[in-house]
Amino acid sequence: MLFSSIANGYCFIGIRHTDRFLFYLLAILIFICIFAPVKEISDMTSEHLFFITFCVGNLSEALHMSASQVYDVLRSSGVLNDYIIPCYDVLHTFSKEYIIEDLTEALRERGAIAL
């Protein structure tokens, strides 16, 4: 009976092998959709940290603010966690001028800095 069930494409609990595969695939996709967008500090590489430092330092010069003030504004406005970190792969390929202009615009749109 066991061998005939396996030969007919069923596993031990009566679910077809292909259905079980699809179930696991769906579970993995749901897990990725829920948890993958969240990047925690422990997941960041030294390149991410270097880029954040680069952004804070250059924004502080452009906005005539201290680096700690810029970092606080980036965190409190959500630009750091909702934009810089998730979009690192794309952002780090742009020029310094473009990045500073883009981040300044993002901060203005969120009301974090004056127009």
Query raised in the report: Counting Lys +1, Arg +1, Asp -1, Glu -1, what net charge surrounds Ser95 among other residues with beta carbon under 13 Å of its beta carbon?
Result: -2
Query raised in the report: For the pair Glu97 and Asp82, how long in nm is the line joining their label points, each one 7 Å along Cα→Cβ?
Result: 3.0 nm
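Bear in mind that the values in this text are calculations on the coordinates, not laboratory data. If you're wondering where the values come from, they're calculated on a predicted model, not measured in any experiment. Ideal geometry is used to build each Cβ from the backbone, glycine not excepted, and the neighbour counts take in all protein chains shown.
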